[in-house]
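Report on the following structure.
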Amino acid sequence: MIELAPSILSADFAHLAEQIERAAAGGGTVIHVDVMDGHFVPNITIGAPVVKSLRKATRLPLDCHLMIENADEYITDFAEAGADWISVHQEACPHLNRTLNHIKGNGCRAGVVINPATPVEMLNEVLDIVDHVLVMSVNPGFGGQSFIPGAVHKIRRLAEIRAERGYSFRIEVDGGIAHDTVAEVVRAGAEILVAGSAVFGKGDAKLNAAALLEAARSASLQKV
Ligand code: DX5
Ligand code: ZN
């Protein structure tokens, strides 16, 4: 099943509740929350207090994408604030197995993220314990960047590995997902589509979300 996860990074932070409601009305079913620390990525965004407020504003799952160092120290805070899914970067977690189990121990779905320069093989030893794998199709840190095509073969490879080894993780993609890129990632096997500027950038979030989801679903019907 294809799901759209609108990323609030491109939303109007003074009106997050209304923006989320619009995106949900257009078919968004997961709210993607980008957490940046100014160390792992060159930008600073939001922390657990904002997640706590979002929790009161929506019943949709909150998908917290941690682009931070020392993730272990903050996971419980995010879980207590109301995160449903928490994903951490392979590149930022030296004890990745421990960190993923820590997320699960806090009652959240655990996801692992790889940057454009990181091969899928780096995840070989954790694919059996993750709930989702997030493939970055831009270098993390900013919304509105151009899609990096190398993500497509990584998505395809993850889908193959999952079938070969009988795993059950879902495949998520993040960065530059818009009308010109969505069909390709869906055909490759992406199931959770993160989109920031394509949903909240210009125009109405409801119409934008609905149009993007429609394009994604028709691409998935053409999948062979
Ligand atoms: C980038 C973030 C993304 C970002 C995507 O570091 O992880 O979630 O919001 O934005 P768009 O869809 O505009 O590329
Ligand atoms: Zn993200």
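The values are calculated or read from the model by the stated rules, or taken from the named source; none is laboratory data. Owing to the predicted nature of the structure, the values given are computational and were not obtained by experimental measurement. With ideal geometry, Cβ positions are generated from the backbone for all residues, glycine too; neighbour counts draw on all protein chains shown. Side chains included, ligands, DNA and RNA excluded: accessible areas come from the protein's heavy atoms. Shrake-Rupley method; radii C 1.70, N 1.55, O 1.52, S 1.80 Å.
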Amide H partners (placed H, <5 Å) of residue 195, local residues excluded:
5, 7
For the modelled label position 7 Å from the Cα of residue 50 along Cα-to-Cβ, which residues of segment 67-102 have backbone nitrogen atoms closer than 20 Å?
67-89
Residue-level accessible surface for residue 77, protein heavy atoms, 1.4 Å, Å²:
80
Extent along principal axes [Cα atoms of segment 71-135; Å; largest to smallest]:
32, 20, 18
Of all the Cα-Cα pairs you can form in segment 1-90, what percent are over 23 Å apart?
19
Excluding residue 22 itself, what net charge comes from residues whose Cβ is under 9 Å from its Cβ, given Lys and Arg +1 and Asp and Glu -1?
-2
Per residue solvent-accessible surface (Å²) - segment 72-213, probe of 1.4 Å
41
What figure, in Å² to the nearest 10, do you get for the accessible area of residue 10 with a 1.4 Å probe and non-protein molecules left out?
40
About the Cα centre of the chain, what is the dipole size in debye to 20, counting +1 per Lys and Arg Cβ and -1 per Asp and Glu Cβ, all else neutral?
540
Spin-label model distance (nm) - residue 146 vs residue 43, 7 Å beyond Cα toward Cβ:
1.7
How charged is the neighbourhood of residue 183? Take every other residue with its Cβ under 13 Å from the Cβ of residue 183, and add Lys/Arg as +1 and Asp/Glu as -1.
0
With Cβ to Cβ distances under 13 Å as the rule, what net charge do the other residues near residue 61 carry (K, R +1; D, E -1)?
-1
For segment 88-100, 3J(HN,Hα) per residue [Karplus equation, 6.51 cos²θ - 1.76 cosθ + 1.60, θ = phi - 60°, Hz, x = Gly/Pro]:
10, 7, 3, 6, 9, 10, x, 10, 4, 4, 4, 5, 5
Length-normalised contact order of segment 134-199 in % [C-alpha pairs under 8 Å, at least 6 apart]
39
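If packing is taken as the mean number of other Cβ atoms within 10 Å per residue, what is the order of 11-17, 50-56, highest first?
Result, highest mean Cβ count within 10 Å first: 50-56, 11-17.
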Rounded to one decimal in nm, the spacing of the 7 Å Cα→Cβ label points at residue 76 and residue 25 is 4.1
Treating each Cα of the chain as an identical point scatterer and ignoring solvent, apply the Debye formula and state log10 I(q)/I(0) at q = 0.09, 0.15 Å⁻¹.
-0.31, -0.93
If I compute solvent accessible area with a 1.4 Å probe over the protein chains, what percent of it on the chain is carbon and sulfur?
50
Per DSSP helix of 4 or more residues, -39500 (n - 2.57); summed, then divided by the residues of the chain. What does that give at 222 nm, rounded to the nearest 500?
-11000 deg cm²/dmol
